[in-house]
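These notes concern the structure reproduced below.
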């Protein structure tokens, strides 16, 4: 999502690209702190958020964290977009740099505010799949080891470069869906000189999990699923995969959309699922996830909005800074991890999330 500028931290000078992966460096770790701020708008929220649940800050010292994902080996990965890095957080050990650069690969300083990668997910084999954002592609790491082989899955639609892939999700049939707004371009706008596509699309890459390691991008199988959204951003399926949800981060029309998924993988019958209320705090629709009961958890005004399967806003997990995304993790997959402006937070809930 397009972001506000934040007072630079000690790592501001790292916005320029580099050509080598760095040895892991420890990030600033937070003092033990919890935040008691749950907005309960409907009795249904009590089945989701335990009484007395606390939000805990687990990592800090970044500038716009995004794209969290919990891996099969029990670690949290997230993007530090402005620092052009992917960060690895290990329970009990803290955070360290996993990949730098993660997005923009040039040697000159990036001319825009967001040089890094963005959303991440894992496939059925546990491989990390990344929305390249300023790289303008979708890539996969063939292992979770430093220096892992990188495979670009796609980078063009009908011969034209993608805008800046933002968020992504696998369907159980192995196809990959992703959103492509312009936020990773230098000006972050539709008139950016580097923008080659006249729309901001949602795409489907068929058989993405079958893409051979190191093979060229499979652009010929890239399908345009939705092309009429101004700012498609977060993306998720309902647990039964009957619906596809898209967060629209347009300040003029901040909504979460829902689409019927057809047998061929395309979608139709798009409708507004829930509309954000900007009076509740900073932020808007961004990254989204679902739990096993079909509740939607979305970055929104003031924190993480929890929306029932019927589209009703039933509660908010308030976060003291602008929120970007969230992901499920922990041994029972009941811990929700939240990426925000400078920090990453966690809260333990009652209902497990849907695993990537």
Among the listed residues 291, 277, identify the single one that is surrounded by fewer than 19 Cβ atoms within 10 Å (Cβ to Cβ) and either touching a residue at least 12 places away in the same chain (Cβ under 8 Å) or under 15 Å from the mean Cα position of the chain (by Cα) (or both). 277
Could you say which residue among 302, 330, 311 is crowded, with 22+ Cβ neighbours inside 10 Å and at pLDDT 95 or above? 302
Given the range 294-334, what strands (runs of 3 or more DSSP E) lie entirely inside it while holding 3 or more residues that are closer than 16 Å to residue 245 by Cα, under 18 Å from the mean Cα position of the chain (by Cα) and touching a residue at least 60 places away in the same chain (Cβ under 8 Å)? 296-300, 323-329
Those residues of the range 210-229 which are out of contact with any strand residue (DSSP E or B) (no Cβ under 7 Å at 6 or more places or on another chain) and within 24 Å of residue 287 (Cβ to Cβ), in sequence order: 227, 228
Where in the range 155-243 are there strands (runs of 3 or more DSSP E), lying wholly inside it, with at least 2 residues that are under 18 Å from the mean Cα position of the chain (by Cα), in contact (Cβ under 8 Å) with a residue 40 or more places away in the chain and closer than 20 Å to residue 135 by Cβ? 168-170, 176-179, 202-205, 232-237
Are any of the residues in the range 135-150 surrounded by fewer than 22 Cβ atoms within 10 Å (Cβ to Cβ) and in contact with a helix residue (DSSP H, G or I) (Cβ under 9 Å, 6 or more places away or on another chain)? no
Which of (1) touching a helix residue (DSSP H, G or I) at 6+ places or on another chain (Cβ under 9 Å); (2) surrounded by fewer than 24 Cβ atoms within 10 Å (Cβ to Cβ); (3) in a loop (DSSP other than H, G, I, E, B) does residue 115 not meet, given it meets every other one? (2)
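The values are calculated or read from the model by the stated rules, or taken from the named source; none is laboratory data. Treat the numbers as computed from the prediction; the structure is a model and nothing was measured. Here Cβ is always computed from backbone atoms with ideal geometry, including for glycine, and neighbour counts include all displayed protein chains.
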